[in-house]
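Worksheet for the structure shown next.
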Amino acid sequence: MNKINIKTAQEIELMRESGRLLASVFSMLDNFVAAGVSTMAINDKVDAFITDVLSARPASKGQYDYPYVLNASINEVICHGMPDENRVLKDGDIINLDITLEKNGFIADSSKMYCIGKVQLRASRLVKATYEAMWQGIAQVKPGATLGDIGYAIQKHAESHGYSVVREYCGHGIGREMHEEPQVLHHGLKGRGLRLQPGMTFTIEPMINEGTYKTKTKKDGWTVVTKDKKLSAQWEHTILVTETGYEVLTLREEEKH
């Protein structure tokens, strides 16, 4: 494993600012994401907001030659859904919007699920359980805990609801680079893996499937879907390990309770 990048107090302040700005992007979207809106319109709205209003950079645009500022993953799409002007949201869809932002050299990464109009109970239950699973993982974060503790808590919660945890994609260290060490698996065993220490920053972003955890990548080379075509959900936050526990750097306004 490459060296873990422990952030200084000054770097942590810059990451807090990136996280705060990214949270504001979702606040802006809350009144925009709705039936009748295309995923490309959402992409363009976010691009303009990050660039023109926040004077920041959409960190995903151009990364690994990806042409857009966000991933828009609908229903059976697990992750990396590409914006499309012909894909218009409709009543009953669930969509994950995964957005990154860089300000003053530091990157924040977060995603949120949106339920469009009236969704089926099976969809709303999956979205809720996935959100809870993310927080179960976050709650394990403190100095001396292990990455396995995080994965175990997420997996236990997801499987207790009859769902499965995607194996091929995981959370990651983050800072000056989008993807730093360590990899943060969303399944695992208590007490296993790297021990956490203050100043570490990484994402926790479980992808939870209604059916099998097996995946399939579409011909575009980006879009990842469930192999059985059943629903998938994901939530994500950027986390700081503090001296006593954790801080969610991308915490959204509605979560501050």
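The values are calculated or read from the model by the stated rules, or taken from the named source; none is laboratory data. A quick note: this is a predicted structure, and the numbers were derived from the prediction, not measured. Here Cβ is always computed from backbone atoms with ideal geometry, including for glycine, and neighbour counts include all displayed protein chains.
Some observations on this one:
- Inspection of segment 139-159 finds no residue satisfying the criterion of being within 27 Å of Y66 (Cβ to Cβ) and in contact with a Phe, Trp or Tyr (Cβ under 6 Å, 6 or more places away or on another chain).
- Filter pass, S73 being crowded, with 18+ Cβ neighbours inside 10 Å, modelled with pLDDT of 95 or more, among the polar types (S, T, N, Q) and not in a helix (DSSP H, G or I): yes
- Looking across segment 34-53, the residues that are β-branched (V, I, T) and either touching a residue at least 40 places away in the same chain (Cβ under 8 Å) or more than 24 Å from K103 (Cβ to Cβ) (or both) come down to V37, T39, I42, V46, I50.
- Candidate set from segment 54-70 (those that are touching a residue at least 60 places away in the same chain (Cβ under 8 Å) and surrounded by 20 or more Cβ atoms within 10 Å (Cβ to Cβ)); member that is nearest to K227 (Cα to Cα): S60
- Condition check for I116: at pLDDT 95 or above and out of contact with any helix residue (DSSP H, G or I) (no Cβ under 8 Å at 6 or more places or on another chain): yes
Yes or no, residue by residue, for (1) touching a helix residue (DSSP H, G or I) at 6+ places or on another chain (Cβ under 6 Å); (2) modelled with pLDDT of 95 or more; (3) in a loop (DSSP other than H, G, I, E, B):
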site	(1), (2), (3)
L14	no, yes, no
E17	no, yes, no
M28	yes, yes, no
K45	no, yes, no
Y64	no, no, no
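- Residues in segment 161-170 that are out of contact with any helix residue (DSSP H, G or I) (no Cβ under 8 Å at 6 or more places or on another chain) and of a type outside the set (A, V, I, L, M) were compared, and the one that is surrounded by the most Cβ atoms within 10 Å (Cβ to Cβ) is C170.
- Residue list for segment 26-42, filter: closer than 16 Å to S110 by Cβ, surrounded by 13 or more Cβ atoms within 10 Å (Cβ to Cβ) and not charged (D, E, K, R): F26, M28, L29, V33, I42
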